[in-house]
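The values are calculated or read from the model by the stated rules, or taken from the named source; none is laboratory data. Keep in mind it's a predicted model, so treat the numbers as computed, not measured. Ideal geometry is used to build each Cβ from the backbone, glycine not excepted, and the neighbour counts take in all protein chains shown. Remember, those area values only see protein heavy atoms, side chains included, never the ligands or the DNA or RNA. Shrake-Rupley method; radii C 1.70, N 1.55, O 1.52, S 1.80 Å.
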Amino acid sequence: MSEDSTLQLEFCGEWFPITRDEPFYIGREGALEIDDNPYLHRRFLRIAFVEDLWWIENVGARLSATLADSEGNTQAWLAPGARLPLVYAGTTILFTAGPTTYEINLVNPDPTFAPAKAEPVHVGDTTIGPVALTESQHLLVLALAEPVLSGRGSAAIPTSAQAAERLGWALTKFNRKLDNVCDKLDRNGVRGLRGGPQQLAVNRRARLVEHAVASRIVSPDQLPGLDEEKARNASA
């Protein structure tokens with residue numbers, strides 16, 4: 001790694017240099033002050049140069065983050081207390097605090113690893129390669145991810161009712177397909193989608209969006225399909 005290597009962080013179109021000199025904190029306070037979201041930790045993520053590598057660490061107590069390389073081939077879930085090396089040329093970070101999902105991009109000018117295209121493989125908490133969805137399942141995820149894919153850096157995840165209306169579907173149909181998508185991804189090792197006493201519906205939708213955007217299951221160029229689907233249902 002070259003002596004002058006500096007990470008570049010992009011959030012909402014603004015760029016921040018990250019040097020080796022001191023840790024870079026992301027949260028309500030720190031080098032990147034995201035906003036005054038009360039659900040966000042004061043200090044949530046820490047990026048620092050340690051032992052000849054760049055590392056990202058979750059220093060929060062409750063929230064998790066989704067990390068993926070820029071091609072969406074590898075993905076990891078960064079739980080509280082965990083850390084990961086930043087070895088790719090580009091890394092996407094997604095996380096949700098309350099009703100808002102955030103997307104941050106990191107550019108490493110001196111990466112130590114170049115990912116190769118891979119068939120879907122699951123190792124521990126890391127998912128490699130997307131899970132195949134049916135057309136209707138893909139449209140459901142696309143409707144939930146639309147605000148994030150619009151490229152604003154932060155966005156509120158639609159409610160099930162809002163996403164169903166966007167597609168021209170009945171709410172019962174949407175909820176049934178949402179259960180099916182979450183079950184399919186859960187069986188393939190994607191964490192945070194299984195329901196339970198502590199698993200609120202909004203958290204499940206947000207986690208689904210994080211995974212789908214990070215792994216490139218959905219992308220901005222697919223958004224016109226939402227209008228096409230609504231038009232088909234309106235004329236049916």
Exercise for the section: Largest first and to the nearest Å, give the Cα extent of region 1-99 along each principal axis. Expected result: 39, 29, 27
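Rounded to the nearest 0.05, what FRET efficiency do residue 53 and residue 152 have when you use their Cβ-Cβ distance and R0 = 45 Å?
Details: r = 31 Å, r/R0 = 0.70.
Here the calculated transfer efficiency is 0.90.
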Fill in the blank from the handout: Among (1) -0.30; (2) -0.40; (3) -0.27, the entry matching log10 I(q)/I(0) by the Debye sum over Cα atoms at q = 0.08 Å⁻¹ as calculated here is (1)
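Ordering 70, 235 from largest to smallest accessible area (1.4 angstrom probe), what's the sequence?
Details: 70 55, 235 95 Å².
Sorted descending by solvent-accessible area, the residues read 235, 70.
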Exercise for the section: In a Gaussian network model over the chain where Cα atoms closer than 10 Å are linked, find which of 44, 24, 113 has the largest mean-square fluctuation. Expected result: 113
Exercise for the section: Mind grabbing the accessible area of residue 19 for me, 1.4 Å probe, Å², rounded to tens? Expected result: 60
Exercise for the section: Please report how far the C-alpha centroid of region 1-41 lies from that of region 53-85, rounded to the nearest whole angstrom. Expected result: 14
Practice task
At 0.36 nm per residue, minus the direct Cα-Cα distance, what do residue 171 and residue 21 gain on full extension? Give it in nm, one decimal, please.
Solution key: 48.8 nm
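Taking R0 as 22 Å, what's the FRET efficiency between residue 203 and residue 43 from their Cβ-Cβ distance, rounded to 0.05? Intermediate values should be presented prior to the final figure.
Values: r = 21 Å, r/R0 = 0.97.
So the FRET efficiency works out to roughly 0.55.
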Exercise for the section: Find how many whole Å separate the alpha carbon centroid of region 211-236 from the alpha carbon centroid of region 144-178. Expected result: 10
